[in-house]
Amino acid sequence: MRRQVVAPPPGWLTPLRARIPAPRRSPESRAPSPVQDAPRDQGAPRGRRIVRTGLTLTGAAFAAVFFCLAFTPSLLPRAWFLQGVVAGITAATGYALGTAIGALVRVWLRFSERTVRLAWRALFSLVPLLFLFFLWLGTRWQRELRVRLGMPQAQEYDVARTLGVGLLAFAVILLVARSLRLATHGFALVFRQVVPNRAAYCAGTVVVALLSYSALDGLVMAQLVTMADRSAAVVNSGTGNGVMVPTSSLRSGGPRSLVAWDSLGRQGRAFVAGAPSIDELTAFAGRPAREPIRVYAGLTSADTVEERAALAVREMDRTGAFDRAVIAIVTPTGTGWVDGKVTRSLEYMYAGDTALISMQYSYMPSWISFWGDRSDVVGSATALIDAVRGRWAAMPEATRPKLLLFGESLGTYGLEKTFGSAAALAAGSDGALLLGPTFANPVHRQLTEERAAGSPVWDPIYPDLPIEFAENAATLRAPAAERPKVVYLQNATDPVVWWSWDLFWKKPEWLTGERGPDVTPAMHWYPGVTFWQTSCDLLFANKAPTGHGHVYKSETVDGWAALAPPPGWSVSDTLRLRALLG
């Protein structure tokens, strides 16, 4: 018997279809759009979206603007790779700011996809033109700045390399930021099992921040410092080319010296061996000269800083330093380095009738010593100055030599902290010369803030004390009613002097009103941008010509001549000595 199949009546599936919701189209099924502010890949895991998501519209716009602003000039010309790094960091800063602003705007406003798409098209059209225009402007500004400072011109093809480095730096920073965001999301998924969602993300953010700081400080920075320490120790144990053990008993490390040659360190050995010869001094002075005395104590010359200072004073007694016309206490830079043109200028002025004393407090570069532990330079400067001044002050005032103080860069910080105030610094010796004071110097900062009304920050006037500031050493040649006791030489283009944390959010005084002679009028302050530009200027501040950046050298001749000139010294002698030193 065959079974009869009865067909269902038409339309019987309609009630069932009505109960099944229609599938919703994902954002990808709609009209395609380039990178947009709304999250993409709604169906993909959140971790994948964090890594693969495109740029936000507001973030990209701000990044492009900040990238272009990074090509504006700063205090010093920048090498092509440094300009690229500055542009990349600045663009990343702009992207973060723009993304944050975009997120806040979307809390109150929602834009249609068509509006976002049109905005992206406009951005894609304008950004290449904007980049080309600012690359051309940046090249022109850098060329003008190099001419202003007397530096050689850069290569034309450096523009392309700069652009490549800038985009690469931006991409690397963005990748790191999104990796940290992905890690935050991972921790939040774990914490969400026990706490609410918002609390889980807060906890994840805190954990990632702590782990990042620990990794950066405990692993990266610690390893870098360790490597730098080992490298500096190796360098300190060596001896520079052409530096020989002194044959004169008037030098530390020489015959009958109380200080061993091997304990002086690389810079100490260069210091004691770098004095001009009697013949050179005689030829310049036009009269018989004396052999200069140079005393130095290295880090391993004695166990403690006080013992090293006492050893230096005994070495001064041994060499007859207190019988000379001038004694100069030199606070060196981080490695123990002393600029040879600074010391030789004083020895030429006095035809060798001088005794120069210095003491090492570190073998690390100044920037590491500055950011690491500044107490070393303060302790060393205080111990040596107190020891020498104690012995000097006990001598009859009529017969004792002139006592001069000198500090450069980090050494100026040690001098200021030793005396504590401007009045004490002025009264502590017969003259103090400070070159390129750091932005952290307390006395320099106080004097600048309390300068006479109307005087510019780069050349302040302080009428209450015998203290003279000079942006250009030549200005010290003008006759003064009263000879200064303290002279600050600070180039208007020296970032070591003018850098500060508040450059990030505050326009500095040195860009307000009358500017220093070498500061380009094309330089303007932009939040965040100027901070990174000036920070990078610090890296190459010692590569500028004399009288610019952090380079002073033969300018010290004018400083010594203003503070303590020998009898009969004239401006023509100053010019002649500066020409000799170069």
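Given +1 on the Cβ of Lys and Arg, -1 on the Cβ of Asp and Glu, and no further charges, what dipole in debye does the chain carry about its Cα centre, rounded to the nearest 20?
About 4180 debye.
Towards the positive end of the charge dipole of the stretch 36-191, with charges on Cβ (+1 Lys, Arg; -1 Asp, Glu), say which of GLY164, PHE62, LEU129 has the farthest Cα.
PHE62
Looking at (1) 65, 27, 20; (2) 31, 28, 26; (3) 49, 36, 20, which value of semi-axes √(5λ) of the Cα gyration tensor in Å comes from a calculation on the structure shown?
Here the calculated entry is (1).
Of GLN83, PRO73, GLY98, which is farthest on the positive side of the dipole of the stretch 36-191, counting Cα position, with +1 on Lys and Arg Cβ, -1 on Asp and Glu Cβ, and the Cα centre as origin?
So the residue we want is GLY98.
Relative to the Cα centre, what is the charge dipole magnitude of the stretch 286-412, using +1 at the beta carbon of each Lys and Arg, -1 at the beta carbon of each Asp and Glu, and rounding to the nearest 20 debye?
420
Where Rh is the Kirkwood radius over the Cα pairs of the stretch 36-191, the temperature 37 °C and the viscosity 0.692 mPa s, what D in µm²/s does Stokes-Einstein return?
Taking Rh from Cα pairs, D becomes 189 µm²/s.
Straight-line reach from LYS485: which aspartates and glutamates have Cα under 16 Å away, leaving out those fewer than 8 places along the same chain?
GLU416, ASP430, ASP464, GLU468, ASP558
Where the centroid of each part is defined by its Cα atoms, how far is the stretch 93-135 from the stretch 320-344 in Å?
The two parts, judged by their Cα centres, are 58 Å apart.
Quick one: putting +1 on the C-beta of Lys and Arg, -1 on the C-beta of Asp and Glu, what dipole do you get for the stretch 36-191 around its Cα centre, in Debye to the nearest 20?
With only Lys, Arg, Asp and Glu charged at Cβ, the dipole is about 360 debye.
Got the relative contact order for the chain handy, in percent, Cα pairs under 8 Å and 6 or more residues apart?
Normalised by residue count, the contact order of the chain is 12 percent.
Evaluate the distance, in nm, between pseudo-label points positioned 7 Å from the Cα of ALA209 and of SER421 along their respective Cα→Cβ axes.
Here the answer is 4.2 nm between the modelled labels.
Extension gain LEU129-LEU175, at 0.36 nm per residue separation less the Cα-Cα distance, in nm?
Contour length minus the Cα-Cα distance gives 14.0 nm.
Let me have the relative contact order for the stretch 426-565, percent, based on Cα pairs under 8 Å that are six or more residues apart.
Worked out over the stretch 426-565, it gives 30 percent.
Using Cα-Cα distances under 8 Å and only pairs 6 or more residues apart, what relative contact order does the stretch 36-191 have, in percent?
Once divided by the residue count of the stretch 36-191, the mean separation gives 35 percent.
Per-residue HN-Hα couplings for the stretch 491-506, Karplus 6.51 cos²θ - 1.76 cosθ + 1.60 at θ = phi - 60°, whole Hz, x for Gly and Pro?
Whole-Hz 3J(HN,Hα) from phi for the stretch 491-506: 5, 5, 9, 8, x, 4, 7, 9, 5, 6, 5, 6, 4, 5, 10, 9.
Using the count of nearby Cβ atoms within 10 Å as a rough guide to exposure, how do CYS536, CYS202 rank from fewest to most?
By the 10 Å Cβ count, ascending: CYS202, CYS536.
Using Cα positions and a limit of under 29 Å, work out the lysines in reach of LYS506, with same-chain residues fewer than 8 apart set aside.
Hits, sequence-local ones excluded: LYS417, LYS543.
Just to check I understand the Karplus step: with θ = phi - 60° and J = 6.51 cos²θ - 1.76 cosθ + 1.60, what whole-Hz values come out for the stretch 145-160, glycine and proline as x?
5, 5, 5, 4, 9, x, 10, x, 6, 7, 7, 5, 6, 5, 4, 5
Among VAL571, ALA270, THR184, whose Cα sits farthest toward the positive end of the charge dipole of the chain (+1 at Cβ of Lys/Arg, -1 at Cβ of Asp/Glu, about the Cα centre)?
Checking the options against the dipole of the chain, the answer is THR184.
Using θ = phi - 60° and the Karplus relation 6.51 cos²θ - 1.76 cosθ + 1.60, list the HN-Hα couplings for the stretch 382-399 in order, rounded to whole Hz, with x at every Gly or Pro.
After applying 6.51 cos²θ - 1.76 cosθ + 1.60, I find 5, 5, 5, 5, 5, 5, 6, 5, x, 5, 5, 5, 6, 7, x, 4, 6, 10 Hz.
Only the coordinates and a few stated rules stand behind these numbers; no lab work does. Computed from a predicted structure; not experimentally measured. In this analysis, Cβ positions are derived from the backbone assuming ideal geometry, glycine residues included, and neighbour counts consider all displayed protein chains.
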